Amino acid sequence: MFLVVRIVLREQLVTTTPNPPTAAALGGGGFGAVGIGWRPEIDLTVERLAGVDFVEVIAENVCADHRDHLPESLRVLRARGTAVVPHGVSLGIGGAERPDPARLARLATVATALEAPLVSEHLAFVRAGGMEAGHLLPIPRTRQTLRVVAENIRIAQDALPVPLALENPATLFAWPDNELTEGQFLAELVEATGVSLLIDVANLHTERVNHGIDVAAALDALPLEAVAYVHVAGGMMRDGVWHDTHAHPVPGEVLDILGMLCERTSPPGVLLERDAAFPPADELEGELAAIRGILDRALQSRAPQKSGAAR
Amino acid sequence: MTAPPGTTTTEGTEDTESLGNPESPEGPEGSESAATDADRDELARQQTALLAALVAGGTVPAGFDAERIRIQTIALAAKRREGVLRALPELAEGLGERWPGAFMDWACTHPKPAEGGSRADAAAFTEYLRAQGTLPQSVEEALTPAPQHPLPRPGFMARVRAALGRRSTGWDDSDDTY
């Protein structure tokens, strides 16, 4: 009966609330989980790093036709119970076209093979007019785009076996005539589709440097109950703009935004992204420890009000 | 591991009210309405015009900051350059001082192939150089398949597979990380 009501609600109102994974589903044992992006160049390092509760893998790069075809390192991590989240980069859910069923089917296969608690993608477009961008590009934040993206998200949700989380992108340029802020746009998408959010605090830093956004206001505009997990990454200034390279150390400004976020909510997980110029393991461990420290301090600071309630 | 999709609570309503957007012209019904063909056509037109400027040498659409579009164009080409260099490292040495300028100039006006990742990008670039008559001999040699060995005896591949334990690396680098 309750199930029927839920289905009717979803069919008629098309309004669902997000159900991001718990910290426990990401290996955080009831507290915020800490993770790192698994990359083939650092697979052994990731396996040995202390304090890794979950990992993320670029979904397009994994052959998941059969469990035996998964990279051995991911099988080792799964055997240990480490959660693996497929992170898509080429769906283009912010594009004008409906999501490609073949790409969605592949993403679903990867999620199933990895027994993933969720999958994530970006609020971005990656192709148009038969051309490939080769990277994530921002979309015009208009009511018209909102209708297209909400429908694209629903199509993706229907094709995926697990919840979808959508990430705020890092951008170098802005569309003219945006009608909504990014926070408003994401909140509307959450409201309309029940999609979860992957909040990249390095991308919020990028938006602050490149477009002058007020990060505190941006965080306040987000429906924080929808946050599934958080990205942290490094970048660099060049040509007067911040480039979100994932190839440089995480700057203090990015960690400060993580602290601001953790003052407002307890994210189920926080994940460090490093894609190139890989440093020695102790440097990665240091960045993971800094993330853990911010989560712990936020937990302690709210403990008196909540009488030590589990996060 | 997680609650089933579609779990309904009352919290969402309260939190979305905290967005501070009282003059939103449309309530939940507005954002829930289905996208029309006109919505998709207009978005396609906007995104295609912008992408043409970024990867195909098109005119920057009105209203955009031309300098930022230039920076984005270079960033996209630079990302492709790194992928192409991994796929065909001989390009840098073969082209010498012309690398990476020749690639960047080409990539800013030639979109990345829709399929095949950086390997296809490298193949398209070398084909362009060959058509221009500027493909270095060393790169041409690197692209030439190694001479064929005599056919192995029947059952050879089966024995190789057995020896390797049918192990797969499980890694496909056709798509780069973003």
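The values are calculated or read from the model by the stated rules, or taken from the named source; none is laboratory data. All values reported here derive from a predicted model rather than from experimental measurement. For neighbour counting, all protein chains shown are included, and Cβ atoms are generated from backbone atoms with ideal geometry for every residue, glycine included.
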### Message
For segment B:53-76, give me each residue that is facing chain A (nearest Cβ under 9 Å), small (Gly, Ala, Ser) and farther than 16 Å from A:ALA174 by Cα.
### Response
B:ALA56
### Task
Considering each residue of segment A:30-72, count those that are surrounded by fewer than 21 Cβ atoms within 10 Å (Cβ to Cβ) and part of a helix (DSSP H, G or I), and give that number.
12
### Task
Residues that are at pLDDT 95 or above: find the helices (runs of 4 or more DSSP H) completely inside segment B:79-169 holding 1 or more of those.
B:90-95, B:101-107, B:117-132
### Any hit, segment A:213-226, residues being free of Cβ contacts under 8 Å to residues at least 12 places away in the same chain and within 13 Å of another protein chain (Cβ to nearest Cβ)
yes
### Task
Could you please let me know if B:SER174 is modelled with pLDDT under 90, within 23 Å of A:GLY129 (Cα to Cα) and of a type in the set (Gly, Ala, Ser)?
yes
### Summary
Checked segment A:175-195 for anything acidic (Asp, Glu) and within 7 Å of chain B (Cβ to nearest Cβ); matches are A:ASP177, A:GLU188, A:GLU191
### Filter pass, B:GLU67 being in a helix (DSSP H, G or I), more than 14 Å from the chain's Cα centre (by Cα) and over 25 Å from A:ASP244 (Cα atoms)
no
### Summary
Flagged in segment A:110-148 as hydrophobic (A, V, I, L, M, F, W, C), over 22 Å from A:GLY37 (Cβ atoms) and assigned to a loop (DSSP other than H, G, I, E, B), in numbering order, are A:ILE139
### Query
Do you know which residues across segment A:160-176 are closer than 24 Å to B:ALA75 by Cα and more than 13 Å from the chain's Cα centre (by Cα)?
A:THR171, A:LEU172, A:PHE173, A:ALA174, A:TRP175, A:PRO176
### Any hit, segment A:158-174, residues being touching a Lys or Arg at 6+ places or on another chain (Cβ under 6 Å), more than 10 Å from chain B (Cβ to nearest Cβ) and surrounded by fewer than 21 Cβ atoms within 10 Å (Cβ to Cβ)
no
### Query
Residues of segment A:141-153 being surrounded by fewer than 21 Cβ atoms within 10 Å (Cβ to Cβ) and either in contact (Cβ under 8 Å) with a residue 24 or more places away in the chain or among the small types (Gly, Ala, Ser) (or both), which ones?
A:THR142, A:ARG143
### Query
Can you tell me which residues in segment A:104-125 are farther than 18 Å from A:GLU56 by Cα and surrounded by fewer than 23 Cβ atoms within 10 Å (Cβ to Cβ)?
A:ALA105
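Okay, residues lined up against (1) touching a Pro at 6+ places or on another chain (Cβ under 7 Å); (2) not aromatic (Phe, Trp, Tyr):
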position	(1), (2)
A:GLU207	no, yes
A:ALA218	no, yes
A:TYR229	yes, no
A:TRP242	no, no
A:ILE257	no, yes
A:THR265	no, yes
### Query
Condition test on A:ASP177, is it surrounded by fewer than 21 Cβ atoms within 10 Å (Cβ to Cβ) and at pLDDT below 95?
yes
### Query
Can you find even one residue in segment B:24-43 that is in contact (Cβ under 8 Å) with a residue 12 or more places away in the chain, more than 7 Å from every other protein chain (Cβ to nearest Cβ), surrounded by fewer than 21 Cβ atoms within 10 Å (Cβ to Cβ) and part of a helix (DSSP H, G or I)?
no
### Query
Any residue in segment A:253-274 that is farther than 29 Å from B:ASP65 by Cα, in contact with a strand residue (DSSP E or B) (Cβ under 8 Å, 6 or more places away or on another chain), surrounded by fewer than 21 Cβ atoms within 10 Å (Cβ to Cβ) and not acidic (Asp, Glu)?
yes
